[in-house]
Amino acid sequence: MKILTTPMCDDVLKIAGIRDYRVVLPSEINDADGDVIITLSETEVNIDKIPIKLNSYKQLLDSIMMLCERFNTNFDCEKIEYIKNLINQNNEKKDKRKDIKVKVYANFLKDTLVDMGFNVVDEDYDYIVVADYMDVEIEDDMIVVSSHKNVSRNIIDRLNERYELLENKLCMQQ
């Protein structure tokens, strides 16, 4: 079986113990020689796809475990323990975040904010969170989060940066 993945998902396959695959750019997926692509759930492709979600620590862990089960591989124990620690640390902070009301304009960020325990609302919000690719006029109460540009290709580092940015911008100002 010829497995493909994208640069944003490469680390997940490594952590899941999948070794025989090829990384292709999203624009090359449909022209690449592959039987299946492991990529983000929102990516549209014309070949068989195994969708994964990587917007929160929990989604990362679930995606890795699903891939291990599907391909009968062994995960990187050290990385899994680290991810579990990140999940526990995040869970310990949720209670202090529940009263902060946030309006969000990107589904991937909504997943992160909900996982962090913020109160995601459409009205009467304290802050607005947007992705860097959105065409909006930046306001004082807006937090812009990098999505694909200027982010680490390492999935754990990318999530850590996102969680830390949101924690610092949303919690430290309360």
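Read-outs throughout are calculated quantities, based only on the coordinates presented, and are distinct from any laboratory measurement. What you are looking at is a predicted structure, and each value in this text was computed from that prediction instead of being measured. A quick note on method: Cβ atoms are made from the backbone with ideal geometry, for glycine too, and the neighbour counts reach across all protein chains shown.
Restricting attention to segment 98-107, the residues being surrounded by 18 or more Cβ atoms within 10 Å (Cβ to Cβ) and either over 17 Å from the mean Cα position of the chain (by Cα) or in contact (Cβ under 8 Å) with a residue 60 or more places away in the chain (or both) number 3. Counting residues in segment 76-91 that are more than 29 Å from K14 (Cβ to Cβ), touching a Leu at 6+ places or on another chain (Cβ under 6 Å) and surrounded by 13 or more Cβ atoms within 10 Å (Cβ to Cβ) gives zero. Restricting segment 56-114 to residues that are assigned to a loop (DSSP other than H, G, I, E, B) and of a type in the set (V, I, T) leaves a set whose member that is nearest to S147 (Cα to Cα) is I100.
Which residues, taken from segment 134-149, are within 20 Å of S56 (Cβ to Cβ) and either free of Cβ contacts under 8 Å to residues at least 24 places away in the same chain or part of a helix (DSSP H, G or I) (or both)? V144, S146, listed by residue number.
Scanning segment 24-45 for residues that are among the polar types (S, T, N, Q) and closer than 15 Å to K2 by Cα, we see that the one that is surrounded by the fewest Cβ atoms within 10 Å (Cβ to Cβ) is N30.
I'm checking my understanding of the structure. Among residues of segment 13-58 that are of a type in the set (S, T, N, Q) and touching a Ser or Thr at 6+ places or on another chain (Cβ under 9 Å), which one is nearest to I87 (Cα to Cα)? Once the filter is applied, the top-ranked residue is S56.
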